[in-house]
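This report refers to the structure that appears directly beneath it.
Just so you know, all these numbers are worked out from the coordinates, no wet-lab data involved. This structure is a prediction, so every number in the text was calculated from the model and none was measured. For neighbour counting, all protein chains shown are included, and Cβ atoms are generated from backbone atoms with ideal geometry for every residue, glycine included.
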Amino acid sequence: MCGKKKINNELLSLQGHYLQAVTMEQLGKFKESISSFLKALELDPESQHANLLVNNIATLATHFCRVPEKLLTILEGMLKMCLSNIDTCILIK
């Protein structure tokens, strides 16, 4: 229980949400993992790690729906283009 309390205290930060997301993913709790990745992204959408967070979210989404690999590749390319030009293209809420 002590470890869980520590994680709960760390959830106030981007890193805490990221760690929570990774932990939930490892436990097979994909919905909770996506929620934590989204919260981390929401806290700092212009983070140098935003692309990593979005990739993790997209990967986890495949647990809920069948997304063709070719489409994922296309979307990933679009996302990279959008993130490199964030002022004119916003793909992420």
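Numbers for the structure displayed
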| item | result |
| --- | --- |
| Under Karplus coefficients 6.51, -1.76 and 1.60, residue-wise ³J(HN,Hα) of segment 37-51 in Hz, glycine/proline x | 4, 5, 5, 4, 5, 5, 5, 8, x, 9, 4, 5, 9, 4, 4 |
| Estimated distance in nm for a label pair at His63 and Leu43, the labels positioned 7 Å out from Cα along Cα-to-Cβ | 2.0 |
| Along each principal axis, Cα extent of segment 13-78, largest first, Å | 34, 27, 13 |
| Anchor Lys80: aspartates and glutamates whose Cα lies under 15 Å away (excluding residues fewer than 8 positions away in-chain) | Glu46 |
| Derived scalar couplings ³J(HN,Hα) [segment 18-24; Karplus, 6.51 cos²θ - 1.76 cosθ + 1.60; whole Hz; x for Gly, Pro] | 5, 4, 4, 4, 5, 5, 5 |
